[in-house]
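What follows is a short report on a single structure.
The values are calculated or read from the model by the stated rules, or taken from the named source; none is laboratory data. These numbers come from a predicted model, not from an experiment. Note that we place each Cβ from the backbone using ideal geometry, even for glycine, and neighbour counts take in every protein chain shown.
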Amino acid sequence: MILVVDDTEEFIDIVLDTLGDDYEMLVCMDGESALEVAEAEQPELILLDILMPGMDGYTVCETLKANPATRDIPVIFLTVKVDVEDERKGFDLGGVDYITKPISPPTLQARVRTHLEIRESRLKLEEQNRQLQQAIRLREDVERMMRHDLKNPLAAILGEVEVMRLRGEGDPKRLQVIQDMARRVLHMADHTLDLYKMEQGTYPYQPELIRLDEAVAKVIEEHRIAIGEKVLRVEVKQAEDGVSAHAEAALTHTMLSNLLRNAVEASPKEAQITIRITRQAERPTIVIENQGAVPASIRDRFFDKYATADKADGTGLGTYTAKLIAEVQGGAIDMSVTDEQITTVTVHFAQA
């Protein structure tokens, strides 16, 4: 539906002859009635003359744009004025186009068609954005429920496993596997929403001073079964005792856990993983080296989201999450592969 606002019948007839076969048309011959019709009928486009008795087109447009009910309706000015300042004024008031009289019917048809297509595209984008916002809210709600609903049964499993261990019941190795998996799922539930917040730049980062050797020791202990299954040697080297960093303990654990798991999975049996805790350019640094080169096909996107070398159970989120955490904590992370097929991942923390 197109609303034509002009005080000249002859011109209105030309517009109706040009557009009437393709669009539903409304006509007003003064500004006051145009404002009432625009709010009541919500046309898709308004063709508005500037020089009218009483309320001129500029005032009509300004009033339309001040009204929430009509401000999004595109307005094309129709006028005999050709001065640059007049055009500038029309655009400043919110007009989307400016067509001078006498009009060319093909020009009018093309301009109308273009602005209706632009309006349709804008409405589609707004709807997609609305749906995206709804999806984001739903995702947050689901993840909150997951974290809440998973914690209780996982805590019960961990407690039951501990009771069985104290009673000497069951295979200690299998109990440890159950306990490790339950802790891993609990850890994932805790950090799913945090990952989303880091992606959006809204994570409430609260650093503290943590010992990096203690953080590394906890991560190695968490992966001891996987390390043992491949008969790997994990050597920790420190350039000095007690290297500390300003970071969050839980985030750092997640980051190092993802990186060590990656190193374990990539290492051949009976290989060695070396973890160096040091300082580089006054920044606390952890370097993880493993024998097992990152495939050339993913080296350039090693830290990208969903990048994976076709692992059956790989999500491509481990190194991506590690990168996000490093950056949230004011640090950086990088990866290199030597000619000897040694993969090195280096985590630089913020300067302590």
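Taking the criterion of being assigned to a helix (DSSP H, G or I), within 46 Å of the chain's Cα centre (by Cα) and of a type in the set (A, V, I, L, M), the only residue of the range 16-32 that qualifies is Leu19. Of everything in the range 65-105 that is part of a helix (DSSP H, G or I) and of a type in the set (Lys, Arg), the residue that is modelled with the highest pLDDT is Lys65. Highlighted here are the helices (runs of 4 or more DSSP H) found entirely within the range 168-277 that include at least 1 residues which are crowded, with 16+ Cβ neighbours inside 10 Å, under 32 Å from the mean Cα position of the chain (by Cα) and not assigned by TED's automatic domain parsing to the domain that holds Val337: 172-200.
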